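Chemist: I am attaching a structure below and will ask some questions about it afterwards.
The values are calculated or read from the model by the stated rules, or taken from the named source; none is laboratory data. In this text, all values refer to a predicted model and were calculated from it rather than measured experimentally. No Cβ is skipped: glycine too gets one built from the backbone with ideal geometry, and neighbour counts run over all protein chains shown. Calculation scope for accessible area: heavy atoms of the full protein, side chains included, ligands and nucleic acids excluded. Shrake-Rupley method; radii C 1.70, N 1.55, O 1.52, S 1.80 Å.
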Amino acid sequence: MSRADEIFIQNMHEILEHGFSDEHLEVRPHWEDGTPAHTIKKFGIINRYNLQEELPILTIRRTAFKSCLDEILWIWQKKSNKVADLHSHIWDSWAGADGTIGKAYGYQLAKKAIYKEGEFDQVDRVLYDLKHNPQSRRILTNIYNFEDLHEMGLYPCAYSMTFNVSGNVLNGILNQRSNDMLTANNWNVLQYSLLLMMFAQVSGLVPGELVHVIADAHIYDRHIPLVKKIIAKPTHKAPKLWINPEIKNFYDFTLDDFKLIDYEYETLEEKIPVAI
């Protein structure tokens, strides 16, 4: 069993057995057929992943590695809000007539400000500080920008990343206001683990621990039977990850610079519906 499997299964049992149901309340999310999408949830779940031990990817179901990586590069490297810049269609439901998701995600990271050291956007400021001010306690990003929320296709779910260096080890905290646990939990964990690994490599550091803080961890009503089926499946060991060691600049990473080795997982025949 991978550590990611273990944590995921524990989280799902906790939500199913001790969660709060909003089935009698009015909710914003809905299914494609217009039916309200109710959830059962737990408040304030905190998970820790040691990236020196293994890559936190599920084996009880497949996590689409390349698509995860593509999206995190779209947000953090391309700093894009155009869905056409993605190789998948995961953002299509939230795109506007202009083909963008509004002033969200990559748009926010690309905003620039002038510091005494020069002009930076949020990503470049993090990369600069990791190299020049690694002991700083101010290395973080925030894309939950109040003044732009009304112009976002979707309010940011994973909205803040805090980086902290201890010796030569880079750790990070991912703050998430809301997490659709079946559809996106391991997706987000894998993405920000990969981001932390990339930042560590180009900064001459070693990736350490990712702490994932979730305010509202929920399972949608139509996902419950699938969750019960998935967490009962056999588990496998976590795969190994190869990252091209020649890459020294974050903006040089491509999808081809990453390979999963010996990734074994259980298949899921059913398509997972996505609430919108």
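Chemist: Out of Lys229, Lys259, Lys248, I need the residue that is touching a helix residue (DSSP H, G or I) at 6+ places or on another chain (Cβ under 6 Å), over 23 Å from Arg48 (Cα atoms), at pLDDT 95 or above and open to solvent by 30 Å² or more (accessible area, probe 1.4 Å). Which one? Please lay out each step first, then the result.
Modeler: Details: Lys229 fails: touching a helix residue (DSSP H, G or I) at 6+ places or on another chain (Cβ under 6 Å); Lys259 fails: touching a helix residue (DSSP H, G or I) at 6+ places or on another chain (Cβ under 6 Å).
Among Lys229, Lys259, Lys248, only Lys248 is touching a helix residue (DSSP H, G or I) at 6+ places or on another chain (Cβ under 6 Å), over 23 Å from Arg48 (Cα atoms), at pLDDT 95 or above and open to solvent by 30 Å² or more (accessible area, probe 1.4 Å).
One line per residue, one yes/no per condition, for (1) surrounded by fewer than 22 Cβ atoms within 10 Å (Cβ to Cβ); (2) over 14 Å from Asn11 (Cβ atoms); (3) not basic (Lys, Arg):
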position	(1), (2), (3)
Leu174	no, yes, yes
Asp180	no, no, yes
Asn185	no, no, yes
Tyr192	no, yes, yes
Leu195	no, yes, yes
Gly204	yes, yes, yes
Leu210	no, yes, yes
Val213	yes, no, yes
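Chemist: Out of everything in segment 81-107 that is in contact with a Phe, Trp or Tyr (Cβ under 8 Å, 6 or more places away or on another chain) and either assigned to a helix (DSSP H, G or I) or open to solvent by 80 Å² or more (accessible area, probe 1.4 Å) (or both), what residue ends up being modelled with the highest pLDDT?
Modeler: Selected residue: Gly106.
Chemist: When only residues in segment 176-221 that are more than 15 Å from the chain's Cα centre (by Cα), assigned to a strand (DSSP E or B) and of a type in the set (A, V, I, L, M) count, which is nearest to Asn244 (Cα to Cα)?
Modeler: Selected residue: Val206.
Chemist: Test of understanding: among Val213, Val206, which residue is closer than 16 Å to Gln52 by Cβ and touching a residue at least 60 places away in the same chain (Cβ under 8 Å)? Step through it out loud before you land on a result.
Modeler: Values: Val213 fails: closer than 16 Å to Gln52 by Cβ.
Sole residue among the options that is closer than 16 Å to Gln52 by Cβ and touching a residue at least 60 places away in the same chain (Cβ under 8 Å): Val206.
Chemist: Condition first: crowded, with 20+ Cβ neighbours inside 10 Å and among the basic types (Lys, Arg). Now tell me which residues in segment 120-144 satisfy that.
Modeler: Within segment 120-144, just Arg125 meets the criteria.
Chemist: Starting from segment 112-129, take each residue that is over 16 Å from Gly172 (Cα atoms) and list its partners that are aliphatic (A, V, I, L, M) and surrounded by 11 or more Cβ atoms within 10 Å (Cβ to Cβ), counting only C-beta distances under 9 angstrom and pairs at least six apart or across chains.
Modeler: As it stands, the answer is Phe120/Val126; Phe120/Leu127; Asp121/Leu109; Asp121/Ala110, since those pairs meet every condition given.
Chemist: Right, next: Looking only at residues that are part of a loop (DSSP other than H, G, I, E, B) and open to solvent by less than 30 Å² (accessible area, probe 1.4 Å) in segment 1-37, which one is farthest from Gln191 (Cα to Cα)? Outline the logic, then answer.
Modeler: Taking segment 1-37 first, the residues part of a loop (DSSP other than H, G, I, E, B) are 1-2, 19, 22-29, 31-35, 37.
Subsequent filtering for residues that are open to solvent by less than 30 Å² (accessible area, probe 1.4 Å) retains 2, 19, 22, 29, 31, 37.
Details: Ser2: 17, Gly19: 26, Asp22: 29, Pro29: 24, Trp31: 26, Ala37: 26 Å.
Only one residue fits best here, namely Asp22.
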